[in-house]
Amino acid sequence: MNRPMNRRRIAGNTTSSLLLLLVALLGLLARDAAAQVADSACALLPVDRIVAVVGNRALMRSQLDEQFYQLITSLGVTGPSTRADSTKLRRQILDDMVDDELMVQQAQKDTLIKVTDTEVIESVEKSLREIRQKYPNEFEFQKELRAAGFVSMEEYRRFMVEQARREMLRS
């Protein structure tokens, strides 16, 4: 009489274990399916897009947006009042960006114009010292960097190096 009871317990434990395993597998499958749906939805959202190609360099929408908002901020206005004005201003900024890139690429090809890494780095370090002096402490400076869209000081330095090199090539 003892034996059938043990078999029932074993069978019950096995059934419970299998049921628990099945539920766990279904949970994992559901999680993976949800992750795939989220991934595919994210894949449909553009991160950035090319607005122009000059020579071998792409000009990105984010660069155009940055120039647009910098111009508006520097003018101290809220921005163009109509969509047509906004489009016209963006087109003008894009034209300026293309002209600027053409000048930089021509300067890079010109053998008489040389910009050394040392010149660029010295210029950037000087600019960074001057910029940092405007903030009461490192925390405020880092906060402003993040507000400007830079993740780290190194990212900001790379941006500054590229800008300085381009400016020196244009001059």
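The values are calculated or read from the model by the stated rules, or taken from the named source; none is laboratory data. Everything numeric here is computed off the predicted structure, so don't read it as measured data. Cβ placement follows ideal geometry from the backbone for every residue including glycine, while neighbour counts extend to all protein chains displayed. SASA here: full protein model, heavy atoms, side chains in, ligands and nucleic acids out. Shrake-Rupley method; radii C 1.70, N 1.55, O 1.52, S 1.80 Å.
Quick notes on this structure:
- Residues of the stretch 64-80 that turn out to be open to solvent by 40 Å² or more (accessible area, probe 1.4 Å) and among the small types (G, A, S), as a count: 2
- Complete set of residues in the stretch 100-157 that are open to solvent by less than 70 Å² (accessible area, probe 1.4 Å) and of a type in the set (G, A, S): A107, S123, S127, A148, G149, S152
- Any helices (runs of 4 or more DSSP H) falling wholly within the stretch 94-171 and containing at least 1 residues that are under 25 Å from the mean Cα position of the chain (by Cα), under 26 Å from A58 (Cβ atoms) and modelled with pLDDT of 90 or more: 117-132, 153-170
- Members of the stretch 81-93 that are loosely packed, with under 13 Cβ neighbours inside 10 Å and over 16 Å from L59 (Cα atoms): S81, T82, R83, A84, D85, T87, K88
- Residue selected from the stretch 59-93 under the condition among the hydrophobic types (A, V, I, L, M, F, W, C) and outside any helix (DSSP H, G or I), by the criterion farthest from E167 (Cα to Cα): V77
- Residue, modelled with the lowest pLDDT, within the stretch 39-54, restricted to residues that are more than 26 Å from Q105 (Cβ to Cβ) and open to solvent by 100 Å² or more (accessible area, probe 1.4 Å): D39
- Residue-level analysis places Q105 among those that are touching a Gly at 6+ places or on another chain (Cβ under 7 Å) and closer than 17 Å to R166 by Cα.
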